[in-house]
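Below: the structure, in structure tokens.
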Amino acid sequence: MEEPRAIEVPSNWSLSGRWRLILPAALLALIVGAACFASVVAPYDPYAQDLTARLLPPVWQSGGTVQHLLGTDDLGRDVLSRILYGAQVSLSVGVLAVICRLVSGVLIGLVAGYYGGPVRTFLMRLGDIQLALPALVLAIGIIAALGPSARNVVIVLAVAGWVLYARLVVSQVLIVRHQDFIASAKLLGASDIRILWKHLLPNVVPTVIVFASLDLGLMMLTEGSLSFIGLGVQPPQPSWGGMAAEGRALIGTAWWIATLPGAALVLTVALVNILGEQLRDHLDPRLDATRSH
């Protein structure tokens, strides 16, 4: 009887292949660690204002000082400290949104794909209706009703994205549910819940993990976009999108206020996407089969 496929690290990874996975993972872990321990790493309170030190440039630019390595904003707040605390917002909102989307989408997809018929038709048509609504417009409408906050951003992103995971899982379940080991489990008297949990779920986990790793970068960008237009995290709480919005009026004279938070967001999302691509290359069995030929 065929067993569900488990997540395994291929034994034939080349050294360069390992480094393409390890390097972005290490850099991303460094960013996550700095965000988690921002209260220890940050040199200043991100909310502390010092008007005598306002608009100081970064240390490498003329007029910069080692006391403020990345400069200060128009209120004299340390940019480095605010970037570190802003990382907490972007990462936490992104991770929570992906978890909510993943859990709800996987559960709905398993049920729709396994039972099929009217159940699948109803759930997928519900997803079609949601996909017909532009995601950003839907987000703006919901946040306008609930009010801007990090919690509401997570709710909006979770509501707007479960259907993507559900469709992915349905397509995988439709392939697996007719295989011999599922029929054998039914003949042995396994309940539907046991089949869903023990046999179908392990077969969709690798694909879902890869999709979630790529989705995380999109969630961080969406949070940054919503904060940039004033519908995300509200000042004075630092967020990368909000900091970019605060500094856009001074982009000509104090470029670092908007540019450096934006660069931090771009770098983090790029690392997340690179890591997701590497996970896809090593966890997707179809790519393994292609390489073997």
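The values are calculated or read from the model by the stated rules, or taken from the named source; none is laboratory data. What you are looking at is a predicted structure, and each value in this text was computed from that prediction instead of being measured. Glycine gets a Cβ as well: all are built from the backbone with ideal geometry, and neighbour counts include every protein chain shown. These area figures cover heavy atoms from the full protein model, side chains too; ligands, DNA and RNA do not enter into them. Shrake-Rupley method; radii C 1.70, N 1.55, O 1.52, S 1.80 Å.
Round to the nearest 10 and give me the degree value, 0 to 90, for the angle of helix 256-283's Cα axis relative to the longest principal axis of the chain. Relative to the chain, helix 256-283 is tipped by roughly 20 degrees. Split the accessible area of the chain by element, probe 1.4 Å, and carbon with sulfur accounts for 69%.
Evaluated at q = 0.13, 0.17 Å⁻¹, a Debye calculation over the C-alpha positions of the stretch 105-217 (equal weights, vacuum) places log10 I(q)/I(0) at -0.58, -0.86. Identify which of Val119, Val66, Val210 has the largest mean-square fluctuation in a Gaussian network model of the chain, with springs joining Cα atoms closer than 10 Å. Evaluated over the chain, the most mobile residue of the options is Val66. When you count the other C-beta atoms within 10 angstrom of each residue and take the mean per peptide, 242-249, 169-176 line up highest first as 242-249, 169-176. 3J(HN,Hα) couplings calculated from phi for the stretch 90-104 with the Karplus curve 6.51 cos²θ - 1.76 cosθ + 1.60 (θ = phi - 60°) are, in sequence order, 4, 5, 5, 5, x, 5, 5, 5, 5, 4, 5, 5, 5, 4, 5 Hz; Gly and Pro show x. Backbone amide hydrogens, once placed in the peptide plane, bring Tyr44 within less than 5 Å of Ser81, excluding anything fewer than 5 places away on its chain.
For the stretch 182-245, take every pair of Cα atoms, bin their distances at 10 Å starting from 0, and report each bin as a whole percent. Result, from short to long distances: 20, 24, 17, 16, 15, 7, 0 percent.
How high is the relative contact order of the chain? Use alpha-carbon pairs under 8 Å, at least six apart in sequence, and give a whole percent. With pairs under 8 Å counted, the relative contact order is 23 percent.
A Förster radius of 22 Å, combined with the Cβ-Cβ distance separating Ser225 from Ile251, puts the computed FRET efficiency at roughly 0.80.
A simple charge model with +1 on the Cβ of Lys and Arg, -1 on the Cβ of Asp and Glu and nothing else charged puts the dipole of the chain at about 560 debye relative to its Cα centre. Round to the nearest 10 and give me the degree value, 0 to 90, for the angle of helix 201-228's Cα axis relative to the longest principal axis of the chain. With both axes taken from Cα atoms, the answer is about 30 degrees. Over the chain, the pair-distance histogram of Cα-Cα distances with 10 Å bins from zero comes to 6, 23, 27, 22, 14, 6, 2, 0 percent, rounded to whole numbers.
Sequentially through the stretch 53-70, phi angles give Karplus couplings (6.51, -1.76, 1.60; θ = phi - 60°) of 10, 6, 6, 6, x, x, 5, 7, 9, 4, x, x, 9, 5, 5, 9, 4, 10 Hz, Gly and Pro residues having no value and appearing as x. GNM remark for the chain: springs join alpha carbons under 10 Å apart, and the peak mean-square fluctuation among His178, His68, His199 falls on His178. Using only the C-alpha atoms, the convex hull of the stretch 10-121 corresponds to 192 Å³ per residue. Heavy-atom accessible surface of the chain, averaged per residue, reaches 51 Å², computed with a 1.4 Å probe.
Computed from the C-beta positions of Leu136 and Thr65, the FRET efficiency with R₀ = 30 Å rounds to 0.15.
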